[in-house]
Amino acid sequence: MCILKIHSESTSFKKFCETTNIPVFSVVDKGDRRGINRVSNTFVVSFDVSDAEWDSFSDQVNDAIKFLTVNFYELNKLIAEVPDSDGYLDFTLYSRLNETIVNQNDHLPRELVSLAGKLNLGIEMAIYSPEAFEQEGR
C-alpha cells in the first residue's frame with residue numbers, strides 16, 4: 001500500500017478534489033475531526049498510489065512510478081499553486097526481520113527518486129511487524 005499525502009497550513013484541497021481525475025483517498029480540512037480524539041492541524045489530501053500488499057515493496061514502487069508519471073502535470077500544478085505544501089509518498093511495509101534476518105534493505109530506484117524530487121516530494125517507509133496485527137488466540 002502506498003499513499004501520497006500532501007499537507008498545507010493555509011490552503012484547503014477540497015476544491016481541487018472536486019475537479020481532479022487523480023484517485024483521492026481522503027481530504028481533510030484544518031480543524032476537521034480525524035478519529036475520536038484527533039483534530040487535523042493542517043489541510044491534507046491523500047491519493048491512492050498503490051494497493052499492492054505490504055510485503056510487495058517492488059510492486060508498490062512500480063505503481064508509484066506509474067502514478068507519478070501519469071499524474072505528474074496535475075500534481076506539479078497543485079504543488080505550485082499551494083506554495084506551503086509539503087508532500088511525501090508513504091509506503092507501508094512489513095518487516096522481514098527475524099531470528100535469521102537481521103538487516104532489511106529496500107532499494108528506491110533512481111526513476112522514483114527523480115520523479116519525487118522533481119515534484120519536491122519526500123519518501124517515507126512505514127515498517128510494521130507482521131505480528132503487530134495478529135489477534136490473540138490464533
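The values are calculated or read from the model by the stated rules, or taken from the named source; none is laboratory data. From a predicted model like this one, the values you see are computed outputs, not experimental measurements. Here the Cβ is made from the backbone with ideal geometry for all residues, glycine too, and neighbour counts use every protein chain on show. These area figures cover heavy atoms from the full protein model, side chains too; ligands, DNA and RNA do not enter into them. Shrake-Rupley method; radii C 1.70, N 1.55, O 1.52, S 1.80 Å.
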(request) Please find, within the range 26-56, the residue that is nearest to Y94 (Cα to Cα) out of those that are touching a residue at least 40 places away in the same chain (Cβ under 8 Å) and open to solvent by less than 40 Å² (accessible area, probe 1.4 Å). (result) A52
(request) Could you list all residues from the range 13-28 that are in a loop (DSSP other than H, G, I, E, B) and either touching a Ser or Thr at 6+ places or on another chain (Cβ under 9 Å) or of a type in the set (F, W, Y) (or both)? (result) F13
(message) I need the full set of residues from the range 13-25 which are within 21 Å of M1 (Cα to Cα) and open to solvent by 40 Å² or more (accessible area, probe 1.4 Å), in order please.
(response) N21, P23, V24, F25
(message) Which pairs turn up if I take residues in the range 77-96 that are at positive phi and look for partners that are in a helix (DSSP H, G or I) with beta carbon separation below 8 Å, at least 6 apart in sequence or on another chain?
(response) none
(request) Determine whether A132 is open to solvent by 30 Å² or more (accessible area, probe 1.4 Å) and out of contact with any Leu (no Cβ under 7 Å at 6 or more places or on another chain). (result) yes
(message) Looking at G31 and the list (1) in contact with a Gly (Cβ under 7 Å, 6 or more places away or on another chain); (2) part of a loop (DSSP other than H, G, I, E, B), which single condition is not satisfied?
(response) (1)
(request) May I ask you to list the residues in the range 1-46 that are within 14 Å of N71 (Cβ to Cβ) and in contact with a Lys or Arg (Cβ under 8 Å, 6 or more places away or on another chain)? (result) V45, S46
(message) Yes or no: the range 92-106 includes at least one residue that is open to solvent by less than 70 Å² (accessible area, probe 1.4 Å) and at pLDDT 95 or above.
(response) no
(message) As an exercise: evaluate Y88 against (1) among the hydroxyl-bearing types (S, T, Y); (2) open to solvent by 20 Å² or more (accessible area, probe 1.4 Å); (3) over 15 Å from the mean Cα position of the chain (by Cα) and give the number of the one condition it does not meet.
(response) (3)
(request) Return a yes/no flag: does the range 60-71 have any residue that is modelled with pLDDT of 95 or more and not in a helix (DSSP H, G or I). (result) yes
